[in-house]
Amino acid sequence: MKKLSTYLLVMFMIVFWIIRIIITISSELGKDFMGMVPMNEIFEIIILFATLLCVVLVVKRKLVGSLLYLTLHAIYFGGDITAKLGLIARNETLTLADSTNMMFSMLGIIIALAVLIDLLLDKNRKANPKDKKTDWFYKNEQFDRELDDRADKNNYRTM
């Protein structure tokens, strides 16, 4: 993790994960958190544990982690968003709890998309990093001198 955007996205992932834990625990205790309840409690718990794995993979800059994170969140929250948009399309009013659920569902998908885009844009830089402090020494074969039999054979470069 070298970029500020990655640090911020991982922090948003963790904050969103903590909020989803609070929502799930409060639902298990028979209460609702700001009117929000999990759509499917078993799948919610599975997503909560899978998110831990995804966070570790995103920190290690693995594309699989962001794809898994996006897939899980799109499956879980995508159905909620389409159901709420269907209610809006039929000119039905949403309650405050429905609006809050829709907002959190959209936030979950936006965070997952942002993580995927961040890793896709940074993948090329990870494969070919450039370091101006050392590249002038290690990548300039034109300045290497030809050695003959009398030359010093010690290798002063650290490789």
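Numbers for the structure displayed
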quantity	calculated
Among (1) at pLDDT below 85; (2) part of a helix (DSSP H, G or I), the one test that Y69 misses	(1)
Residue match in segment 106-127 (condition: open to solvent by less than 100 Å² (accessible area, probe 1.4 Å), outside any helix (DSSP H, G or I), out of contact with any Ser or Thr (no Cβ under 9 Å at 6 or more places or on another chain) and modelled with pLDDT under 60)	no
Residues that are under 19 Å from L70 (Cα atoms) and either open to solvent by 50 Å² or more (accessible area, probe 1.4 Å) or in a loop (DSSP other than H, G, I, E, B) (or both), drawn from segment 2-40	Y7, L8, M11, F12, I14, V15, W17, I18, P38, M39, N40
Pairs, first open to solvent by less than 90 Å² (accessible area, probe 1.4 Å) in segment 74-97, second basic (K, R), C-beta under 8 Å, six or more apart	L94/K84
Inter-residue pairs, beta-carbon under 6 Å, first under 18 Å from D118 (Cα atoms) and among the polar types (S, T, N, Q) and in segment 39-66, second modelled with pLDDT of 90 or more and open to solvent by 40 Å² or more (accessible area, probe 1.4 Å), 6+ apart	T51/W17
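The values are calculated or read from the model by the stated rules, or taken from the named source; none is laboratory data. Small disclaimer: the values here were computed from a predicted structure and weren't measured. As a convention, Cβ positions derive from the backbone with ideal geometry for all residues, glycine included, and neighbour counts pool all protein chains shown. Just the protein is used for accessible areas: all its heavy atoms, side chains included, with ligands, DNA and RNA removed. Shrake-Rupley method; radii C 1.70, N 1.55, O 1.52, S 1.80 Å.
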